[in-house]
1. Among the residues of the stretch 11-39, how many are of a type in the set (D, E) and within 12 Å of D50 (Cβ to Cβ)?
2. State all residues of the stretch 67-94 that are within 27 Å of Q3 (Cα to Cα) and surrounded by fewer than 14 Cβ atoms within 10 Å (Cβ to Cβ); if no residue qualifies, say none.
3. When you go through A39, A5, A19, A27 one by one, which is the residue that is of a type in the set (A, V, I, L, M, F, W, C) and part of a helix (DSSP H, G or I)?
4. Which one is surrounded by the fewest Cβ atoms within 10 Å (Cβ to Cβ), of the residues in the stretch 19-44 that are touching an Asp or Glu at 6+ places or on another chain (Cβ under 9 Å) and either farther than 23 Å from E104 by Cα or not charged (D, E, K, R) (or both)?
5. Could you please give the count of residues in the stretch 62-88 that are at pLDDT 95 or above and either in contact with an Asp or Glu (Cβ under 8 Å, 6 or more places away or on another chain) or hydrophobic (A, V, I, L, M, F, W, C) (or both)?
6. Select, from T60, T16, the only residue that is among the hydroxyl-bearing types (S, T, Y), touching a strand residue (DSSP E or B) at 6+ places or on another chain (Cβ under 7 Å) and either touching a residue at least 24 places away in the same chain (Cβ under 8 Å) or crowded, with 16+ Cβ neighbours inside 10 Å (or both).
7. Does the stretch 21-36 contain any residue that is of a type in the set (K, R) and under 15 Å from V6 (Cβ atoms)?
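The values are calculated or read from the model by the stated rules, or taken from the named source; none is laboratory data. Note that the coordinates shown come from a computational prediction; the quantities given were computed from them, not determined experimentally. Cβ sites come from the backbone with ideal geometry, for glycine too, and all protein chains shown count toward neighbours.
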Amino acid sequence: MDQFAVSTREDERGRTVIAPRGDLDLATNQQFVQAVTDALVAGHVDLVVDLSETTFMDSTSLGTLISARRRSHSLGGSFVIFCSDPRLLRLFEVTSLDKVFAIERGAEPDAPPSQASSAST
């Protein structure tokens, strides 16, 4: 079984970067939801979801991203997805979510992880 983990860090612009590693699906979604909730409750409303180490996403995780964007914006924040994986980018395109999300396709966000948590899937 693959290990799933979510790390959280701050980027050079002061945004909170939440980076799920592994398959983001029904089995691992709650850990991702908790990371988003923790950031928002702590007042970190400018979020970047870094999918550079995400290997798979299902419809549950897409719904979670939509909810996280809505929550961030309702608190006056911003929400950006970093993704360079052609398969995941295609998922956003076929669902038309590439028109909903701000997606950065450039170099991986800098700054080493400052906090990480893991759970087996």
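1. First, the residues of the stretch 11-39 that are of a type in the set (D, E): 11-12, 23, 25, 38.
Applying the additional criterion that residues be within 12 Å of D50 (Cβ to Cβ) yields 11.
So the count comes out to 1.
2. Start the filter on the stretch 67-94 by keeping residues that are within 27 Å of Q3 (Cα to Cα), which leaves 67-69, 79-92.
Scanning the stretch 67-94 gives S67, P86, R87, R90.
3. Working: A5 fails: part of a helix (DSSP H, G or I); A19 fails: part of a helix (DSSP H, G or I); A27 fails: part of a helix (DSSP H, G or I).
Matching residue, one of A39, A5, A19, A27: A39.
4. Initially, the stretch 19-44 is screened for residues touching an Asp or Glu at 6+ places or on another chain (Cβ under 9 Å), giving 19-26, 29, 44.
Among the residues that remain, those that are also either farther than 23 Å from E104 by Cα or not charged (D, E, K, R) (or both) are: 19-20, 22, 24, 26, 29, 44.
Numbers: A19: 23, P20: 25, G22: 19, L24: 26, L26: 11, N29: 18, H44: 20.
The residue in question is L26.
5. Result for the stretch 62-88: 14.
6. On the way: T60 fails: touching a strand residue (DSSP E or B) at 6+ places or on another chain (Cβ under 7 Å).
Among T60, T16, only T16 is among the hydroxyl-bearing types (S, T, Y), touching a strand residue (DSSP E or B) at 6+ places or on another chain (Cβ under 7 Å) and either touching a residue at least 24 places away in the same chain (Cβ under 8 Å) or crowded, with 16+ Cβ neighbours inside 10 Å (or both).
7. Residues of the stretch 21-36 of a type in the set (K, R): 21.
Applying the additional criterion that residues be under 15 Å from V6 (Cβ atoms) yields 21.
Yes, the stretch 21-36 contains at least one residue that is of a type in the set (K, R) and under 15 Å from V6 (Cβ atoms).
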